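The structure appears right after this line, and notes come after that.
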Amino acid sequence: MSAHKTPAHAPAPTPAESRKISVLLKVYGVYCLVTAAAVLALIALIAVPLIQYGADLYRERHDVTLTMTLAAAQLVVMLVASVGYVAFGVLVLKDRRRYVAQIAYALLAVGIVNLVLEIMLNGFGDNLIYDGVRLVVLLVISATIDPTLVSERQLQRKLRDMETEEAAEAGTLGRAKGDRGFIELDFFNLFWVFVVCCVLGLAIETVYHMVVVDPGVYQDRAGMLYGPFSPIYGFGAVLMTVALNRFYRANPVVIFLVSAVIGGLFEAAVSWFMQVGFGAVAWDYSGSTIFGLFPDPIAALFQGRTSTLFMCMWGALGFVWIKLCLPWLLKLINLIPWQARYSFTTICAILMLVNGVMTLQSLECWYQRESGLPPSSPVEEFYAEHYDDAYMANRFQSMTITPEDSARG
């Protein structure tokens, strides 16, 4: 009897897993391995002087342009991609079909990020051909290299659709199972919580400004480049949902206090980020008082980034949200046909992501122009042409940009 007999419990390899990777793909794997190793060696040689140059430039000029930020991000993405391609080449040579497919998916994501950065830095042209061809090759490899993964994905999708259909018929679609809270904290539910609350929050803030702050005067309080969205309320609602999901049966006082603390800290953090990153001030509660009797200690502690009144408003909103609004919202988002909920949500999420990225970039370019820096890349020229100072001031009417207030001023 052979001493090297395969253990009885070892599963036999499937035909797909036992197939050798083609010679053509192995040649491509060697190419990826060699080129990626060369890029890593080059990065290792220039990393230290490049970091020193960047540090000296920042000390001398004390500004970080969008172009510099994008170039640094692209260098980091290039480093990650090179490490991934080295691993990809090694796994191809070792005939690890399943792992090759998995790393191909990861490299696809990295490649898309790199392509976007390349477009923003150098525009559209021949510079995109090489990266585009690589993405197509990776897409073909990821889809064909391991047939067993394709079968697994199909089975998982069928099982998910069956469970979704059963929940829809039972009227429990989107509800958490067992004792995990009220709502299922999956991407579908949380995304639509974000979207709906972006709109509702903007509507409430606009009405509040017209009735209380400046009676009869309309002011656009939108927080994104496109659409009636105020993302601070969307993200705040997501935070409230995640934090309070298990508290929906708790004592109202507990819900109020948890909501007030989370909402106030979140509001202060967003205000700090906007001012430090962009010199932007969208709200300031400095000088607030408690019933006009004495200075608001919360407003003083957080330098006007939040206040006692607004923390109490967050607390009340959190209570109303978890007790009344969330059940209503779950019914609303379940009006989306379950057969189309994932594809429709994916499309809307991509559009919202693009909107968010463009919003941050437009704010960055606005900051650069307010700092007296001329556009230095195609992306900055694009925003200077289509979203100039007048457009930004009209779109973000409650916001001011003061570069001296930022960490880069």
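Can you tell me which residue within the range 185-221, out of those that are in a loop (DSSP other than H, G, I, E, B) and under 19 Å from the mean Cα position of the chain (by Cα), is farthest from Leu309 (Cα to Cα)?
Checked the range 185-221; the qualifying residue farthest from Leu309 (Cα to Cα) is Asp186.
So which residues in the range 58-96 are assigned to a helix (DSSP H, G or I), at pLDDT below 90 and among the hydroxyl-bearing types (Ser, Thr, Tyr)?
Tyr58, Thr67, Thr69
Give all pairs with beta carbons closer than 6 Å in which a residue from the range 354-373 that is farther than 17 Å from Val276 by Cα meets a residue that is open to solvent by 20 Å² or more (accessible area, probe 1.4 Å); count only pairs at least 6 apart in sequence or on separate chains.
If the second residue must be open to solvent by 20 Å² or more (accessible area, probe 1.4 Å), the pairs left are Asn355/Tyr226.
Restricting attention to the range 334-344, does a residue exist that is assigned to a helix (DSSP H, G or I) and over 30 Å from Lys158 (Cβ atoms)?
no
Just to check your reading of the model, which residue among Ser288, Ser259, Ser230, Ser271 is under 23 Å from Tyr208 (Cα atoms), in contact with a Leu (Cβ under 6 Å, 6 or more places away or on another chain), open to solvent by less than 60 Å² (accessible area, probe 1.4 Å) and among the hydroxyl-bearing types (Ser, Thr, Tyr)?
Result of the check over Ser288, Ser259, Ser230, Ser271: Ser230.
Show the residue pairs meeting these rules: Cβ distance below 6 Å; 6+ apart or different chains; first residue within the range 295-320 and in contact (Cβ under 8 Å) with a residue 12 or more places away in the chain; second residue open to solvent by 40 Å² or more (accessible area, probe 1.4 Å) and among the aliphatic types (A, V, I, L, M).
Ser307/Ile298; Thr308/Ile298
Going through the range 298-312 one residue at a time, which ones are in a loop (DSSP other than H, G, I, E, B) and more than 11 Å from Trp283 (Cβ to Cβ)?
Passing the criteria: Phe302, Gln303.
Condition first: part of a helix (DSSP H, G or I) and open to solvent by 60 Å² or more (accessible area, probe 1.4 Å). Now tell me which residues in the range 364-381 satisfy that.
Glu370, Glu381
Of the residues Ala384, Ala349, only one is open to solvent by less than 40 Å² (accessible area, probe 1.4 Å), touching a Pro at 6+ places or on another chain (Cβ under 8 Å) and part of a helix (DSSP H, G or I); which?
Of Ala384, Ala349, the one residue that is open to solvent by less than 40 Å² (accessible area, probe 1.4 Å), touching a Pro at 6+ places or on another chain (Cβ under 8 Å) and part of a helix (DSSP H, G or I) is Ala384.
Please work out which one of (1) under 17 Å from Val196 (Cβ atoms); (2) under 24 Å from the mean Cα position of the chain (by Cα); (3) touching a residue at least 60 places away in the same chain (Cβ under 8 Å) is the condition Lys323 fails and give its number.
(2)
The values are calculated or read from the model by the stated rules, or taken from the named source; none is laboratory data. On a predicted model such as this, the values are computed, not experimentally measured, just so you know. Every residue, glycine as well, gets a Cβ built from its backbone with ideal geometry; the counts of neighbours run over all protein chains shown. Accessible surface areas use protein heavy atoms only, side chains included; no ligands, DNA or RNA. Shrake-Rupley method; radii C 1.70, N 1.55, O 1.52, S 1.80 Å.
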